[in-house]
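**Q** Dropping a structure here in structure tokens format, bear with me for questions.
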There are 2 protein chains.
Amino acid sequence: MTAEVVETPIIKIIDRVRREVDDRLAAFLDAHPAPVADREVAEGYRLLREFVVGGGKRIRPTLCYWGWRGAGGDVGPEEPVITVGAALELYHAGLLVHDDVMDGSELRRGRPTIHRSLARQEDRPVGQAFGQSAAILLGALAQAWADELLSVAGSDGPGMRAAWRLFDQMRSEVICGQYLDILARACDDGGSERALTVVRYKTAKYTVERPLQIGGALAGADPALLEAYSRFGLPLGEAFQLRDDILGVFGDPSVTGKPVTDDLREGKQTVLIAQAFARARGPQRERLRAWHGDPGLDERHAAELRQVIVETGALAHVESLIDLRVDQALAALRDCAIPSQASEALTLLAGRLTHRVL
Amino acid sequence: MTAEVVETPIIKIIDRVRREVDDRLAAFLDAHPAPVADREVAEGYRLLREFVVGGGKRIRPTLCYWGWRGAGGDVGPEEPVITVGAALELYHAGLLVHDDVMDGSELRRGRPTIHRSLARQEDRPVGQAFGQSAAILLGALAQAWADELLSVAGSDGPGMRAAWRLFDQMRSEVICGQYLDILARACDDGGSERALTVVRYKTAKYTVERPLQIGGALAGADPALLEAYSRFGLPLGEAFQLRDDILGVFGDPSVTGKPVTDDLREGKQTVLIAQAFARARGPQRERLRAWHGDPGLDERHAAELRQVIVETGALAHVESLIDLRVDQALAALRDCAIPSQASEALTLLAGRLTHRVL
């Protein structure tokens with residue numbers, strides 16, 4: 001008890017890690033100006049920079065840090081784990097830029113998406129096709145940079161090498177998760193099982209399990225601990241996505257940063273929607289069929305869709321799925337042989353993630 | 001003279017290197033099945049694999065190999081340079097998949113492009129948007145894999161680290177080159193100078209200078225040799241692209257693998273076209289304005305465009321630019337202090353590249 005008292009409070013550590021990751025990102029971007037002297041290329045770089053440093057909850061670096069702490073990483077220098085966290089964030093920025101092109105999204109983090117900004121430059125109308133192409137390039141650039149940042153952290157020592165292999169696996173997994181997601185939408189295959197597979201690969205492994213394991217590997221975690229991180233991370237990651245799906249339909253736009261009708265209008269095939277379809281009868285079903293995925297969906301019909309989701313019991317069911325997963329995650333965490341401060345921090349983060357205020 | 005006689009002939013070495021790079025690529029892809037068990041994801045992986053192993057002239061790995069040999073790399077094991085060459089090829093495949101999405105190209109290497117193949121799957125009509133999104137993902141996957149392959153080659157030793165930094169620079173450069181290219185098309189800015197900047201970044205540095213330097217760095221080349229590779233590689237790379245531009249308008253589709261009207265229909269802003277615009281007068285100019293970049297361009301009007309390009313002297317001028325650059329490259333090569341076999345091979349490759357039969 002007495003030893004615990006002198007520890008830096010968890011909240012302070014979380015804030016400090018976030019700040020250090022931000023600083024590392026800013027320093028990296030400063031050191032990488034465009035290799036060609038061109039006003040328009042510079043503008044693309046500026047937009048990407050703004051997107052990377054100007055927002056984001058830094059969930060993955062935070063989990064990576066605590067995965068490292070949990071594996072006893074606090075005895076080594078913190079620099080590598082901050083750099084790896086920054087690389088995760090840069091890769092994520094690249095993925096989001098591409099995702100927004102695929103989804104045709106207008107807003108991200110409360111601002112116009114990169115492909116929209118580039119399509120609408122004030123002084124010259126360069127058009128939508130240019131915006132999309134430029135965003136594909138900028139997304140690929142951020143992903144390449146993630147990699148460069150990771151290699152700057154070094155590859156020496158078994159810890160870094162193991163972290164690297166997990167990062168490689170993570171990239172293939174999240175790409176496949178997104179592939180399944182766009183496929184489900186293209187084929188209008190809205191089954192609950194398929195939606196859960198997407199959640200597992202696109203979010204649970206990518207956002208929680210792998211960042212924790214990457215941090216752990218960096219500190220030399222043994223296979224048993226990496227396994228335990230998986231048992232904690234997968235249900236927590238699933239719960240996080242299920243919460244996100246709910247917020248995408250019922251959330252406050254000032255918190256989520258995007259219009260609350262976007263997910264319904266895009267026809268996202270979430271577990272919430274799959275449950276609503278599976279449970280809807282008669283006129284409920286007709287309303288879902290008619291308006292879910294309708295590009296012209298207005299606020300009135302969106303409200304009716306929300307009502308169907310509540311009335312069918314889909315919302316309550318998804319809430320129960322979240323609760324179940326949070327319980328599973330916490331049970332797995334209790335079995336983890338990690339320092340008590342790391343355990344406490346991960347518990348706190350589990351709470352934040354499933355209520356999405358991190 | 002007698003020592004030279006027992007050396008393996010250059011052509012045999014070039015063929016062997018290509019085969020070994022192909023084998024390395026195939027082995028890597030075999031070791032990377034899709035992490036999710038899904039028929040459609042497997043199909044995407046299959047298409048990407050077919051694209052990577054089923055074609056391509058392996059220009060970059062070949063230059064990388066001779067850059068390495070030129071720096072005395074033949075005394076060390078060949079494995080790293082083959083692996084790095086394979087990584088260059090995998091990255092290139094990823095770029096091409098993205099380029100084809102941006103250009104809306106139908107054919108590549110004589111076959112349907114990946115986004116077209118995915119949009120037109122026989123058993124289910126998944127549509128164009130899906131094809132584009134899936135191709136963005138598969139292109140990003142190939143780029144991530146390139147990186148993984150590179151890290152497998154190891155990062156130990158100053159040679160590998162220097163090669164890695166050059167690879168990082170190369171990625172930013174080619175992305176910026178492509179950015180300038182799509183920008184020129186979007187803004188209809190067809191000046192000869194801008195077109196030459198695109199050529200420099202998108203092709204000369206990416207296809208020739210950097211691969212040579214990466215190979216050289218791997219063998220511990222000193223800064224003077226890397227500089228010499230640059231003096232050889234930049235003009236050669238520019239000549240290569242200028243030849244490619246000519247082939248894109250006048251070439252034999254069975255050799256280039258794409259319809260000979262594609263570049264004219266897409267409105268590519270090449271040096272050849274910039275010269276034609278700058279030189280055209282009266283009705284020539286009207287024909288260029290009317291049909292260059294017309295998506296509905298037919299064979300008869302394409303033939304008239306070709307005639308304008310010849311009559312204005314643009315074709316002859318670009319041929320003279322190619323000759324000048326080949327001369328510059330060969331002069332730089334003569335000043336390179338590299339083994340005679342490497343010098344001979346690079347001379348041969350200069351000939352092949354500017355006539356595009358490698």
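**Q** What are the pairs with Cβ atoms under 7 angstrom where one residue, in segment A:49-61, is in contact (Cβ under 8 Å) with a residue 60 or more places away in the chain and the other, located anywhere, is in a helix (DSSP H, G or I) and polar (S, T, N, Q)? Sequence gap at least six, or different chains.
**A** A:59/A:207; A:60/A:207
**Q** If you scan segment A:145-186, which residues turn out to be facing chain B (nearest Cβ under 7 Å), of a type in the set (A, V, I, L, M, F, W, C) and farther than 16 Å from residue A:221 by Cα?
**A** Hits for segment A:145-186 are A:175, A:176, A:180, A:182, A:183, A:186.
**Q** Shifting gears a bit: Looking at (1) in contact (Cβ under 8 Å) with a residue 40 or more places away in the chain; (2) farther than 25 Å from residue A:212 by Cβ; (3) among the β-branched types (Val, Ile, Thr), find the lone condition where residue A:101 falls short.
**A** Against the list (1) in contact (Cβ under 8 Å) with a residue 40 or more places away in the chain; (2) farther than 25 Å from residue A:212 by Cβ; (3) among the β-branched types (Val, Ile, Thr), residue A:101 comes up short only on (1).
**Q** Among the listed residues B:85, B:94, B:67, which satisfies the condition of being of a type in the set (Gly, Ala, Ser), within 14 Å of chain A (Cβ to nearest Cβ) and on the phi < 0 side of the Ramachandran plot?
**A** Testing whether each residue is of a type in the set (Gly, Ala, Ser), within 14 Å of chain A (Cβ to nearest Cβ) and on the phi < 0 side of the Ramachandran plot leaves just B:94.
**Q** A further question on this structure: Return the residues of segment B:22-37 that are in contact (Cβ under 8 Å) with a residue 24 or more places away in the chain, more than 14 Å from chain A (Cβ to nearest Cβ) and open to solvent by 30 Å² or more (accessible area, probe 1.4 Å); say none if nothing qualifies.
**A** B:22, B:24, listed by residue number.
**Q** Quick test for you: out of A:153, A:86, A:162, pick the one residue that is open to solvent by less than 20 Å² (accessible area, probe 1.4 Å), touching a helix residue (DSSP H, G or I) at 6+ places or on another chain (Cβ under 7 Å) and small (Gly, Ala, Ser).
**A** The conditions single out A:86.
**Q** So how many residues does segment B:285-307 have that are assigned to a helix (DSSP H, G or I), of a type in the set (Asp, Glu) and open to solvent by 50 Å² or more (accessible area, probe 1.4 Å)?
**A** Total meeting the criteria: 2.
**Q** So, in segment B:5-21, how many residues would count as being open to solvent by less than 70 Å² (accessible area, probe 1.4 Å) and touching a residue at least 24 places away in the same chain (Cβ under 8 Å)?
**A** 7
**Q** May I pose another question? Considering only residues that are touching a residue at least 24 places away in the same chain (Cβ under 8 Å) and not hydroxyl-bearing (Ser, Thr, Tyr), look in segment B:107-117 and name the one that is surrounded by the most Cβ atoms within 10 Å (Cβ to Cβ).
**A** Ranking the candidates gives B:114 first.
**Q** Is it true that residue B:69 is under 29 Å from residue B:184 (Cα atoms) and basic (Lys, Arg)?
**A** no
**Q** Something else: Every residue in segment A:133-172 that is part of a loop (DSSP other than H, G, I, E, B), in contact (Cβ under 8 Å) with a residue 12 or more places away in the chain and on the phi < 0 side of the Ramachandran plot, please.
**A** A:153
**Q** While we're on this one: Which one of B:331, B:337, B:290, B:274 is over 21 Å from the mean Cα position of the chain (by Cα), modelled with pLDDT under 95 and either of a type in the set (D, E, K, R) or more than 25 Å from residue B:186 (Cα to Cα) (or both)?
**A** B:337
**Q** Here is a follow-up. Filter segment A:328-339 down to the residues that are open to solvent by 60 Å² or more (accessible area, probe 1.4 Å) and in a helix (DSSP H, G or I) and list them by number.
**A** Across segment A:328-339, the qualifying residues are A:328, A:334.
**Q** For segment A:118-125, does any single residue satisfy the condition of being open to solvent by 60 Å² or more (accessible area, probe 1.4 Å), modelled with pLDDT under 95, more than 23 Å from residue A:294 (Cβ to Cβ) and at the interface with chain B (Cβ under 10 Å from one of its Cβ atoms)?
**A** So far as segment A:118-125 goes, yes, one or more of its residues are open to solvent by 60 Å² or more (accessible area, probe 1.4 Å), modelled with pLDDT under 95, more than 23 Å from residue A:294 (Cβ to Cβ) and at the interface with chain B (Cβ under 10 Å from one of its Cβ atoms).
**Q** Continuing with this model, one more query. State yes or no: is residue B:203 within 16 Å of the chain's Cα centre (by Cα) and away from chain A (no Cβ under 14 Å)?
**A** So residue B:203 fails the test.
**Q** If you don't mind, another one. Residue check: is residue B:320 open to solvent by 30 Å² or more (accessible area, probe 1.4 Å) and in contact (Cβ under 8 Å) with a residue 40 or more places away in the chain?
**A** Against the criterion (open to solvent by 30 Å² or more (accessible area, probe 1.4 Å) and in contact (Cβ under 8 Å) with a residue 40 or more places away in the chain), residue B:320 does not qualify.
The values are calculated or read from the model by the stated rules, or taken from the named source; none is laboratory data. Keep in mind the model is a prediction, meaning the values are calculated, not measured. Don't worry about glycine lacking a Cβ; one is built from the backbone with ideal geometry, like all the others, and counts go over all protein chains shown. Surface accessibility is based on the protein's heavy atoms, side chains included, excluding ligands, DNA and RNA. Shrake-Rupley method; radii C 1.70, N 1.55, O 1.52, S 1.80 Å.
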